[in-house]
Amino acid sequence: MQISEIYKSLQGESTHTGLPCVFVRLTGCNLRCTWCDSEFSFSGGRKMTLQEVLAEVARLSPCECGAGAPARENLVEITGGEPMLQEREVIPLMERLLAAGYKVLLETSGERPLARVPKQVVKIVDVKCPHSGEPDTFDLENIAALEPHDELKFVLTDRTDYEFARDFVQHHHLAERVHAILFSPAFKKDASGARDTSHCLLDPEQLAQWILADDLPARLSLQIHKLIWDPAAKGV
Ligand code: SF4
């Protein structure tokens, strides 16, 4: 498969936020979100075999996972780009990681079919809002593929995005279907330097007020890696 990078960091935007995690970032994306912070993954990278990816994940993980079941639950996140564009290769990768005892997260836009993703994988599905530049790309048939441990994320830039996300969650009764609904203020694409929420396109305080006013079962989610490291830093 074509791999952009494999690295270890802290999981930055889900209910697993703050936990050590090995990231496998696949090359290529069929969307072009206005606030995308990983455009470097659209092309390039290098071809790696399944065995090479597994070996690199094991090398970066805190214990000898390659030799069998890990002594503790190790997190691996498959991300991109859009990893499901390489479905033929990435599903066997997820199966092998699960068999080796890893907890596997999959970050995806939900534009590609998700029904064949192994059920034990925690899907973090980034449903695109109107001002992402890629509205209506989520495949509604993927709602049937959601598992109770999955998470749905909405990256928001303004009130229009917020209302879309709120109405989408309510219309499809998603809060009852998944573990978490994440509402995340988008970060400015060109942000660098200061590690604070002034780089958010939507003020988190404003978002908090809207969530509270509507009594939404949503979790306000900040991209903590942008608050820990330089927002422009790669590999974190
Ligand atoms: S789906 Fe993800 S990787 Fe693709 S353009 Fe949107 S934010 Fe970037």
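The values are calculated or read from the model by the stated rules, or taken from the named source; none is laboratory data. Every value quoted in this text rests on a predicted model; they were computed, and no experiment measured them. Quick reminder, even Gly has a Cβ in these numbers, built from the backbone with ideal geometry, and neighbours come from all protein chains shown. Remember, those area values only see protein heavy atoms, side chains included, never the ligands or the DNA or RNA. Shrake-Rupley method; radii C 1.70, N 1.55, O 1.52, S 1.80 Å.
Looking at the range 39-50, can you tell me whether even one residue there is under 16 Å from Glu107 (Cα atoms), among the polar types (S, T, N, Q), within 7 Å of the ligand (Cβ to nearest atom) and buried (at least 16 other Cβ atoms within 10 Å of the Cβ)? Outline the logic, then answer.
Kept after step one, since they are under 16 Å from Glu107 (Cα atoms), are these residues of the range 39-50: 39, 41-42.
Pick out the ones that are also among the polar types (S, T, N, Q) and you get 41.
Adding the requirement that they be within 7 Å of the ligand (Cβ to nearest atom) leaves 41.
From what's left, buried (at least 16 other Cβ atoms within 10 Å of the Cβ): 41.
Yes, because at least one residue in the range 39-50 is under 16 Å from Glu107 (Cα atoms), among the polar types (S, T, N, Q), within 7 Å of the ligand (Cβ to nearest atom) and buried (at least 16 other Cβ atoms within 10 Å of the Cβ).
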When only residues in the range 109-131 that are within 14 Å of the ligand (Cβ to nearest atom), under 20 Å from Glu13 (Cα atoms) and in a loop (DSSP other than H, G, I, E, B) count, which is most open to solvent (accessible area, probe 1.4 Å)? Glu111
Here are some conditions: (1) surrounded by fewer than 14 Cβ atoms within 10 Å (Cβ to Cβ); (2) within 16 Å of the ligand (Cβ to nearest atom); (3) modelled with pLDDT under 95. Pro62 meets all but one. Which one does it not meet? (2)
Flag if Ala180 is open to solvent by less than 40 Å² (accessible area, probe 1.4 Å), under 29 Å from Leu227 (Cα atoms) and more than 18 Å from the chain's Cα centre (by Cα): no
Applying the selection to the range 16-26, what residues are in contact with an Asp or Glu (Cβ under 6 Å, 6 or more places away or on another chain) and not charged (D, E, K, R)? Cys21, Phe23
Can you tell me how many residues within the range 16-34 are within 16 Å of the ligand (Cβ to nearest atom) and closer than 17 Å to Ile124 by Cβ? 7
When you go through (1) within 16 Å of the ligand (Cβ to nearest atom); (2) in contact with a helix residue (DSSP H, G or I) (Cβ under 7 Å, 6 or more places away or on another chain); (3) assigned to a strand (DSSP E or B); (4) over 15 Å from Leu85 (Cβ atoms) one by one for Glu5, which number turns out not to apply? (2)
Out of Leu152, Leu146, I need the residue that is of a type in the set (A, V, I, L, M), within 15 Å of the ligand (Cβ to nearest atom) and either farther than 24 Å from Gln2 by Cβ or open to solvent by 10 Å² or more (accessible area, probe 1.4 Å) (or both). Which one? Leu152
Filter the range 114-127 down to the residues that are touching a residue at least 24 places away in the same chain (Cβ under 8 Å) and more than 12 Å from the chain's Cα centre (by Cα) and list them by number. Leu114, Ala115, Arg116, Val117, Pro118, Lys119, Val121
Residue pairs, Cβ under 6 Å, 6 or more apart or interchain, first in the range 169-190 and under 16 Å from Val155 (Cβ atoms) and outside any helix (DSSP H, G or I), second at pLDDT 95 or above and of a type in the set (Ser, Thr, Tyr). List them. Ala180/Thr15; Leu182/Ser221; Ser184/Ser221; Ala186/Thr157
Can we say Gly44 is modelled with pLDDT of 95 or more and assigned to a loop (DSSP other than H, G, I, E, B)? yes
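Restricting to the range 82-108, give me the number of residues that are within 16 Å of the ligand (Cβ to nearest atom) and open to solvent by 10 Å² or more (accessible area, probe 1.4 Å).
Within the range 82-108, residues that are within 16 Å of the ligand (Cβ to nearest atom) and open to solvent by 10 Å² or more (accessible area, probe 1.4 Å) number 4.
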If I ask for residues that are in contact with a helix residue (DSSP H, G or I) (Cβ under 8 Å, 6 or more places away or on another chain) and part of a loop (DSSP other than H, G, I, E, B), which ones from the range 147-163 would you list? Thr157, Asp158
Do you know which residues across the range 164-179 are of a type in the set (Gly, Ala, Ser) and out of contact with any helix residue (DSSP H, G or I) (no Cβ under 9 Å at 6 or more places or on another chain)? Ala165
